[in-house]
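Encoded as structure tokens, the structure appears first; notes follow it.
The values are calculated or read from the model by the stated rules, or taken from the named source; none is laboratory data. Here the structure is a predicted model, which means the values were calculated and not measured. With ideal geometry, Cβ positions are generated from the backbone for all residues, glycine too; neighbour counts draw on all protein chains shown. Ligands, DNA and RNA are excluded from the accessible area calculation, which covers all protein heavy atoms including side chains. Shrake-Rupley method; radii C 1.70, N 1.55, O 1.52, S 1.80 Å.
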Amino acid sequence: MDFSDGFISKEHQELLKSACESIDPSSVSPLEVSRTPRTPREYHAKHESSTESPKGSVQKHDRHSRTGRDGRPKKGGSGGKGTWGGLLDPEDGYFLDPNDPNYDSNEEINQMNDKAFASALEEYKGKSKIIIEEYFATDDIAAAANELKELGFPSFVHYFIKKLISMAMDRHDREKEMAAVLLSTLYADVIDPPQVYKGFSKLIESADDLAVDIPDTVDVLALFIARAIVDDILPPAFLTKHSSFLPKESKGMEVIRRTEKGYLSAPLHAEVVERRWGASKSKTVEAVKAKIGDLLIEYVASKDKAEACRCIKDLKVPFFHHEIVKRAFIMAMERRSAEGPILDLLKQAFDECVINSSQISKGVGRLIDTVDDLSLDIPNARELLQSLISKAASEGWLCTSSLGPFPPQTGRKLEDHRAQAFKKKAISIIREYFLSGDTFEVISILESEEDLNYTGLRALFVKKLITLAMERKNREKEMASVLLSSLCFPADEVVNGFVQLIEVVEDIALDVPVAVEHLALFIARAVVDEVLAPQQVEEIANQMTPNQEAVGSRVLHMTRSLLAARLSGERILRCWGGGTTKGTGWTIEDVKEKIINLLEEYESGGDLAEACRCIREIGMPFFHHEVVKKALVMAMEKKKKQQERLWRLLDECYGIGIITSNQMTKGFSRVAECMEDLKLDVPDVAEQYGSYVKRAKSAGWLDDSFCEGKTGNVQENGF
């Protein structure tokens, strides 16, 4: 059979030939025979013989067209009058329309023969490479998007994606980051989601070939896939689907495993993956949060949803959109007039795929977990949040099944009201302290606070102090540890404060990626500063709820590791940058020696003001219990006149606030601990110590509940 080399591929030619040859002329009616596809040669032979046939022959029944239309087959061997038409022939007047809802971009490939397809693909790949090279040189996303649109062939875009990533893999981190940003920006607008999926599939399949030229293909390609999942342009199911059919020993399978175990399973993986190639180094979390706050305020004032969505896109932090949802809900709860516009904005952002459903659920979930804390600032926060969730679910942009349950209600309205008022005061006190560094002012304010004796408020202060410090620099962290060691809070209140911190540390980690490590350091520092006894670390573990066990066990494991290390006391003391507010770099032994020298100098010279000045200049108020201990031991070894001089020093330090009651208690406790050793040099140490305790109680240094035989739970940790 003769076939013209029109637009039918070899595969379709063979299919048509098979269909023609399989027909049995004896088994079909004359009408069906007349509709059997014929070749041009058969058609012309029939008509030539029909002109010479006598009347009554079969050929006389052949119907000739009475119109002027040519009934011969079209080019390609089909479509003549009375035929079935070609296997690929469209209906009359049908043509591919990209605007048709049923349009399939693959049809344009199907209508091309092999030569045309190969030629078009080679041309597309060549132009794609030029676009990518220009983009890497100019970093102009808009120009790259326009050129990709003009290139056409949307069904070829997966080749562009494969080329973009494979070229970036062999270049520096700058180009890798640019490639990831380009895909994230063009996703859904210029590049169809199925093409992204197909492009990464091609890369996975060709991982073995890529590894020949790029030795670190497995790690780099795994990071590209992880970044695509973090940027929400590739579904996590991509990994599961491809791991089911890839060969176990292939590079593609190694890429899948590296993506899952090396990147996506790590804590805070979104932040790590986002910044791996140096992205957003100048974009701090605080700056992004400030921009989110500004755009929400501006939106509520202008009601311009399109502009607000554009600003959200410009932030280019799709993994952090849950913060937008969280802040928007809080704004709606705080300003009831803003509720309608806020819900409209979130609905439009969801409809336009600016914010995806997982980020919306995550943002609302964060609010549910902290609804009790919100109640301190927003009355009826629980009821307001439930109302907003109900409205969002009814509008179809929030799936309630993805949300966790609300925590049980305490039902203590008076306590909530009292805690709300104290929380505002605490935040103000802590912020002023970070500016002034005046520990004694904070102690004075807290001592005058009548509500502080109310159960739970000291724990709330501890929680707020450390939470605010973790969001700031090492200076504020050091100041928070110093203040905590200077306060006279009961140990159980401090323990409760740390338990509350463990409860919210995952939320803090969204803003402070190393929050878990910092909280472990704060607990270890509290043990070193003798705010907590070592066994009270286990009390923290016992008070944790089942929901806190996962993150809490990590925090406490780090704490135990820090405390168990060699010279842990000195190392932990310097965890925030030096162990002294003066930055002198003294070791603990240096400080102890300075304390002994100043006491001996004071004992010989008697200059009380100079001794107080020297104690201040050491700059370690949390270590003043060492001054108390050394002064008491020295007094026991001296004559009565010298004892009175040292006693006056302690009385003066306590009176002007250099040494707090807490440090006094620690100092006396440490003397009680080493009583047996002191008996070797001072036989009557027990009698002297008993008289000192009674005198200290009468002077107000020690609480009446302090027991003379109390050894305390003091561990020097290298001191």
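One residue stands out in region 561-575 among those that are in contact with a helix residue (DSSP H, G or I) (Cβ under 7 Å, 6 or more places away or on another chain) and modelled with pLDDT of 80 or more: the one that is surrounded by the fewest Cβ atoms within 10 Å (Cβ to Cβ), namely Leu563.
Which of the following residues is of a type outside the set (S, T, N, Q), surrounded by fewer than 20 Cβ atoms within 10 Å (Cβ to Cβ), in contact with a helix residue (DSSP H, G or I) (Cβ under 8 Å, 6 or more places away or on another chain) and touching a residue at least 60 places away in the same chain (Cβ under 8 Å): Val230, Val190, Val181? Of Val230, Val190, Val181, the one residue that is of a type outside the set (S, T, N, Q), surrounded by fewer than 20 Cβ atoms within 10 Å (Cβ to Cβ), in contact with a helix residue (DSSP H, G or I) (Cβ under 8 Å, 6 or more places away or on another chain) and touching a residue at least 60 places away in the same chain (Cβ under 8 Å) is Val181.
Would it be correct to say that Val628 is open to solvent by less than 10 Å² (accessible area, probe 1.4 Å), in a helix (DSSP H, G or I) and closer than 24 Å to Glu441 by Cβ? Even if it seems obvious, please write down each step before you answer.
Details: open to solvent by less than 10 Å² (accessible area, probe 1.4 Å): yes; in a helix (DSSP H, G or I): yes; closer than 24 Å to Glu441 by Cβ: yes.
So Val628 passes the test.
Looking only at residues in region 464-519 that are surrounded by 18 or more Cβ atoms within 10 Å (Cβ to Cβ) and polar (S, T, N, Q), the one that is nearest to the chain's Cα centre (by Cα) is Thr467. Looking at the structure I just gave you, is Phe668 among the hydrophobic types (A, V, I, L, M, F, W, C) and at pLDDT 85 or above? In short, yes.
Of all the listed residues (Glu676, Glu617, Glu601, Glu687), the sole one being farther than 23 Å from Met479 by Cβ, in a helix (DSSP H, G or I) and modelled with pLDDT under 85 is Glu676.
Counting the residues of region 173-218 that are touching a Lys or Arg at 6+ places or on another chain (Cβ under 9 Å), modelled with pLDDT under 85 and not in a helix (DSSP H, G or I) gives 1.
For every residue, the table says whether it meets (1) in a helix (DSSP H, G or I); (2) in contact with a Lys or Arg (Cβ under 9 Å, 6 or more places away or on another chain); (3) farther than 18 Å from Gln663 by Cα.
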position	(1), (2), (3)
Phe489	no, yes, no
Ala509	yes, no, yes
Ala526	yes, no, no
Asn542	yes, no, yes
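Are any residues in region 343-358 surrounded by 22 or more Cβ atoms within 10 Å (Cβ to Cβ) and part of a helix (DSSP H, G or I), and if so, which ones? Within region 343-358, Leu345, Leu346, Ala349 meet the criteria. Every listed requirement among (1) part of a loop (DSSP other than H, G, I, E, B); (2) modelled with pLDDT of 85 or more; (3) open to solvent by 60 Å² or more (accessible area, probe 1.4 Å) is met by Trp701 save one, (3). With modelled with pLDDT of 85 or more and open to solvent by 40 Å² or more (accessible area, probe 1.4 Å) as the only criterion, which of Lys303, Lys261 stands out? Result of the check over Lys303, Lys261: Lys303.
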